[in-house]
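Since the structure comes first, as structure tokens, the remarks are kept for the end.
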Amino acid sequence: MKDKALLALVALGLLLALQPVSSAHAEGCSVSQQLIGGCTPNVSGNLNDGSAVLEGTAGSPGSGAGGSGAGDDGAASTPIDPNAQCVIVVAGRCLYAADHGVQVQPITLADIAAFRPDPGVDNMEPNGWMIVGLDTNFFATDGTQIKDGTLLGQPASVRFTPVTWRWTYGDGAAASLGTAGGTWGSQGIEEFDPSPTSHVYRAPGTYYIDLSIDFTAEYRFGGTQWIDIAGILPVAANRLVATAGDAKTVLVERECTKNPGGPGC
């Protein structure tokens with residue numbers, strides 16, 4: 001029985017030592033717990049390349065960079081008793097010594113998980129066209145999002161909150177606003193009335209309208225409270241293509257649908 005337990009321990013030690021340094025599905029914390037009875041996860045977050053990136057490390061109690069006797073990989077090591085019989089040796093490191101029954105050179109596992117918010121949707125009224133000299137209403141469809149994932153074998157989440165909406169209207173004008181806007185109807189105003197997010201085009205033509213939404217981000221790991229991630233994450237929404245034209249008011253004899261050939265139709 002003792003030999004079987006020892007073989008199981010060796011296999012577990014090799015599994016731990018050979019795990020990839022970076023893996024979206026690493027279970028470093030739980031494996032460490034099985035081997036050494038505990039772990040000390042350390043998690044941080046940053047914004048990079050359109051996503052929020054969480055980085056975590058987990059190892060045995062007392063391991064970590066900068067400690068006394070730390071090895072090249074940042075894991076602290078306990079001096080090996082020259083009289084101890086080393087049971088698990090990987091890459092020249094004694095991971096487990098039978099004489100004192102403890103891991104003598106702790107392994108630190110690293111894990112990385114990336115979380116991306118869904119892009120917002122840019123909308124306009126009227127849809128796809130505008131009248132020169134009158135307000136065109138732009139508004140975004142978005143909201144706070146929570147994206148879930150796994151880091152070091154434990155649940156991790158990132159919460160994205162939109163804070164700024166940056167429109168470029170294709171005519172040289174741009175706006176940076178603190179509101180996503182809304183439809184004319186939802187704001188209780190008439191069509192072509194000014195809104196907080198509307199824009200007036202002064203010349204006929206085809207225009208390309210772009211929107212970028214700035215998100216703030218927070219993360220939590222293993223059910224803890226939300227922690228802010230420094231910085232702002234800009235995320236591009238869809239591009240709108242619309243045509244501006246002049247509006248003319250004319251008198252007609254009857255409705256053009258009933259008399260298409262009548263004056264003014």
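A short reminder: the numbers here are calculations on the coordinates, not readings from a lab. This is a predicted model, so every value here is computed, not measured. Cβ coordinates were reconstructed from backbone atoms using ideal geometry, including for glycine residues, and neighbour counts include every protein chain displayed.
For segment 117-245, give the magnitude of the charge dipole about the Cα centre (Cβ charges: +1 Lys/Arg, -1 Asp/Glu; no others), in debye to the nearest 20.
Numbers: 6 positive and 14 negative charges, 73 e Å.
Result for segment 117-245 is approximately 360 debye, rounded to the nearest 20.
Bins of 5 Å, beginning at zero and ending with the bin holding the largest distance: percent of Cα pairs per bin for segment 117-245, please.
Bin by bin from 0 Å, the calculated values are 2, 11, 19, 18, 15, 11, 8, 6, 5, 3, 2, 0.
Taking neighbour Cβ counts within 10 Å as the exposure measure, how do Arg159, Arg116, Arg239 sort from fewest upward?
Values: Arg159 19, Arg116 15, Arg239 12.
Neighbour counts put them in this order, fewest first: Arg239, Arg116, Arg159.
Would you mind ranking Val53, Val241, Val43 so that the residue whose beta carbon has the fewest other beta carbons within 10 Å leads the list?
On the way: Val53 18, Val241 10, Val43 21.
Taking fewest neighbouring Cβ atoms as first place, the list is Val241, Val53, Val43.
Applying the Karplus parametrisation 6.51 cos²θ - 1.76 cosθ + 1.60 with θ = phi - 60° to the phi angles of segment 124-131, what ³J(HN,Hα) value in whole Hz is obtained for each residue in order, glycine and proline being reported as x?
Per-residue couplings from phi come out as 8, 10, x, 8, x, 8, 8, 9 Hz.
Counting Lys +1, Arg +1, Asp -1, Glu -1, what net charge surrounds Gly128 among other residues with beta carbon under 13 Å of its beta carbon?
Details: positive: Arg239; negative: Asp122, Glu125.
Residues near Gly128 contribute -1 overall.
Could you please report the charge total around Ala217, scoring K, R as +1 and D, E as -1 over all other residues with beta-carbon less than 12 angstrom from its beta-carbon?
Numbers: positive: Arg116, Lys147, Arg159, Arg220; negative: Asp214, Glu218, Asp228.
Result for the local shell: +1.
Note down the net charge around Ala203, summing +1 for each Lys or Arg and -1 for each Asp or Glu among other residues with Cβ under 10 Å from its Cβ.
Numbers: positive: Arg202; negative: Asp171, Asp246.
Result for the neighbourhood of Ala203: -1.
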